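Undergrad: Okay, handing you the structure first.
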Amino acid sequence: MRERVLSQLDGLTPVLSCADLAELRELLSSPTGRAPADPSGRPHAGAQGPVEWGELVVDRTGHRVTWRGDPLPLTPTERELLALLISPPLVVRSYEQLCAAAPEAVDIAALRTTVKRLRRRLRGLPGGPQVHTVRGIGYRLDPPPRRNGR
């Protein structure tokens with residue numbers, strides 16, 4: 001099963017392979033790992049400044065999300081989850097990280113509902129980000145499209 005998952009993700013995104021959930025949690029909370037060092041899952045560098053994914057900008061301090069300069073109405077929870085998902089590095093964010101990043105207490109069921117609403121809102125953005133489920137672990141985004149062939 002593990003090999004099948006790894007082969008399906010090969011070339012799509014960085015892949016973390018762990019023996020169990022405890023090892024995954026340790027890796028995600030490790031300052032030397034590729035994931036954020038903060039166990040809450042919040043991005044560290046410039047955590048309160050604007051975060052960009054192509055033409056999508058999440059301004060956490062200004063409580064605004066814009067797509068190509070136009071405001072995108074999101075709830076505070078949707079905004080925080082999106083900010084975490086688009087924050088470098090673009091890795092799989094665990095359910096626990098995303099629940100901890102929400103401005104209000106959410107469990108995994110509420111997280112799934114919020115991600116469903118967020119996907120619906122992002123679907124209307126041509127060329128915008130898409131939230132992908134990594135079954136049993138969490139969610140991830142693809143890298144933004146390259147501009148001008150760069």
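Undergrad: Between R120 and T133, what length comes free when the chain is fully extended (0.36 nm per residue of separation minus the Cα-Cα distance, one decimal in nm)? All intermediate terms of the calculation are to be shown ahead of the outcome.
TA: Values: separation 13, 0.36 × 13 = 4.68 nm, distance 1.43 nm.
Once the chain is fully extended between R120 and T133, it gains 3.3 nm.
Undergrad: Expected output is a single nm value to one decimal: the length gained when fully extending between R68 and A110, i.e. 0.36 nm times separation in residues minus the C-alpha distance. What is it?
TA: Values: separation 42, 0.36 × 42 = 15.12 nm, distance 2.91 nm.
Computed gain between R68 and A110 is 12.2 nm.
Undergrad: Moving on. Given H placed 1.01 Å from N in the peptide plane, which residues other than close sequence neighbours of D142 have an amide H under 5 Å from its amide H?
TA: Q130
Undergrad: What ³J(HN,Hα) values, in whole Hz, does the Karplus curve 6.51 cos²θ - 1.76 cosθ + 1.60 give for segment 81-93 when θ = phi - 60°, with x put for Gly and Pro?
TA: Result, rounded to whole Hz: 5, 5, 4, 5, 5, 8, 6, x, x, 7, 10, 5, 9.
Undergrad: Let me ask something else. What ranking do 63-73, 84-94, 111-121 get when scored by the average of other Cβ atoms within 10 Å per residue, highest first?
TA: The packing order, highest mean first, is 84-94, 111-121, 63-73.
Undergrad: Does segment 73-129 come out rounded, prolate or oblate by the C-alpha gyration tensor, with a ≥ b ≥ c the root eigenvalues, rounded set by a/c under 1.5 and, if not, prolate when a/b is larger than b/c and oblate if not?
TA: Note, shape of segment 73-129 comes out oblate.
Undergrad: Please list, in order along segment 71-79, the HN-Hα scalar couplings obtained from phi with the Karplus expression 6.51 cos²θ - 1.76 cosθ + 1.60 (θ = phi - 60°), rounded to whole Hz, x for Gly and Pro.
TA: Going residue by residue, I get x, 10, x, 10, 6, x, 5, 4, 4 Hz, with x marking Gly and Pro.
Undergrad: Taking θ as phi - 60°, what are the ³J(HN,Hα) couplings along segment 102-107 by the Karplus curve (6.51, -1.76, 1.60), each to the nearest whole Hz, with x for Gly and Pro?
TA: Values, residue by residue: 5, x, 10, 5, 9, 9 Hz.
Undergrad: Keeping the other protein chains in place, figure out the carbon and sulfur percent of the accessible area of segment 56-150, with a 1.4 Å probe. Could the numbers behind the result be given before it?
TA: Working: 2590 of 4970 Å².
On segment 56-150, the fraction of accessible area on carbon and sulfur atoms equals 52 percent.
The values are calculated or read from the model by the stated rules, or taken from the named source; none is laboratory data. Computed from a predicted structure; not experimentally measured. As a convention, Cβ positions derive from the backbone with ideal geometry for all residues, glycine included, and neighbour counts pool all protein chains shown. We work out accessible area using only protein heavy atoms, side chains counted, and drop any ligands, DNA or RNA first. Shrake-Rupley method; radii C 1.70, N 1.55, O 1.52, S 1.80 Å.
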